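The values are calculated or read from the model by the stated rules, or taken from the named source; none is laboratory data. Please read these numbers as outputs of a predicted model, since none were measured by experiment. Here the Cβ positions follow ideal geometry from the backbone for every residue, glycine too, while neighbour counts run over all protein chains shown.
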Amino acid sequence: MAIGAVRRTAVALVGALGLVASAAGCSMLPGSGSSTPNLEHPTLRVGYEPQVDVAPLYMAVKSGLFSNAGLKIELVQENSDQEAIQQLANGQLDVAFATHVAFFKAEAGGAQLELQGEAYQAGTNTMALVTLPSLNYNSPTAKQTPRVAVNAPDDLGELATKSVLDTAGVSQNKIAFQTMSFADMSTALQNRTVDAAWMIEPFITKAEQNLGATVVTDAARGATQEFPMTGYASAKKFADANTNTMTAFRKALQQAQEQASDRLQVQGVLKEYAGIDASTADLISVGTFPSTLNAVRLQRVADMMETSGVLQNRLDVQSMLPPSAQNS
């Protein structure tokens, strides 16, 4: 999910000292006496974006879950989902973070990806259509030809917006989407170039605090209630060549995802990497951090993409799971 024109940065978490940014890239060193030998590729370059979804990833690095598994993690800030997926192909990233929509589009286009974990599942107001009081857009049907800002074309924002507005009675083909970064959406609302913006956290709470923004509608309702939003994937060729490494990565990530059920831990780490203060971190809406890859859950996304025309044919998500997760 693109945050927009952000400088690629490698980030490391060193013990309890927090984040140390370096253009060259730094990382946690593997723990001495690691009990995980025979890792084919113990250093992994993992993409991320500074949003709620990746809190468990940061927690895993900071707490030593990855280093205890013998892994050295280099976190690389992504500019966009599309670029991150391309970086999997050219070897600049080993694991990319993106929306499931972006991964499934790429797979349908021949990318040959393997899913490594689910990052985030929508909860109430974790994604929403946000507006300003001056725009007189106080209900989904208040505008029949709404102009809506999204962060990427044919991605999660468009899919969710079409779903909730169509359910409310607004024709999907009358929605005018404008693509821009999340950081630019507040300005677009102030300039009245859009009627609403599809936002995620922490941008929703920031807009409410800074602009007095209001929510037109929760975008996680109806067909998109508890919707799988984002995840992690590798190039299948890389995953096949590094099965021990990727198994260790998935296990450490799973532990962190389970720990993220503690909202206080999530709020604590958000203040370190997402550019928000403590008061904002305390107010944001938080969804669910799935601890397992679930093909049935993820198939909801692919099937909605097909029915909405984003995919021309049905994509079998099961085929994208690692062999160890084929029966989940």
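A few comments on the model shown:
- Lone qualifier among 213, 248 - being touching a Gly at 6+ places or on another chain (Cβ under 7 Å), more than 22 Å from residue 99 (Cβ to Cβ) and buried (at least 17 other Cβ atoms within 10 Å of the Cβ): 248
- The residues of region 276-314 that are small (Gly, Ala, Ser), more than 16 Å from residue 57 (Cα to Cα) and in a loop (DSSP other than H, G, I, E, B), listed by number, are 285, 308, 309.
- Failed item in (1) part of a loop (DSSP other than H, G, I, E, B); (2) in contact with a Ser or Thr (Cβ under 8 Å, 6 or more places away or on another chain), with residue 162 passing the rest: (1)
- Of the residues examined, residue 141 is one that is assigned by TED's automatic domain parsing to the domain that holds residue 191 and surrounded by fewer than 24 Cβ atoms within 10 Å (Cβ to Cβ).
- The C-beta contact set for region 296-310 (first residue assigned by TED's automatic domain parsing to the domain that holds residue 104 and crowded, with 19+ Cβ neighbours inside 10 Å, second residue assigned to a helix (DSSP H, G or I) and aromatic (Phe, Trp, Tyr), distance under 8 angstrom, 6+ apart or interchain) comprises 301/104; 302/104; 305/104.
- Some residue of region 73-96 being among the charged types (D, E, K, R), under 30 Å from residue 168 (Cβ atoms) and in contact with a helix residue (DSSP H, G or I) (Cβ under 6 Å, 6 or more places away or on another chain): yes
- Within the option set 241, 233, being over 18 Å from residue 122 (Cα atoms) and surrounded by 20 or more Cβ atoms within 10 Å (Cβ to Cβ) holds for one residue only, 233.
- Look at (1) within 20 Å of residue 110 (Cβ to Cβ); (2) over 18 Å from the mean Cα position of the chain (by Cα); (3) part of a helix (DSSP H, G or I) and you find that residue 244 fails only one, number (1).
- Near pairs, Cβ below 7 angstrom, 6+ apart or cross-chain, from region 172-201 (on the phi > 0 side of the Ramachandran plot) to any residue that is surrounded by fewer than 23 Cβ atoms within 10 Å (Cβ to Cβ): 192/135
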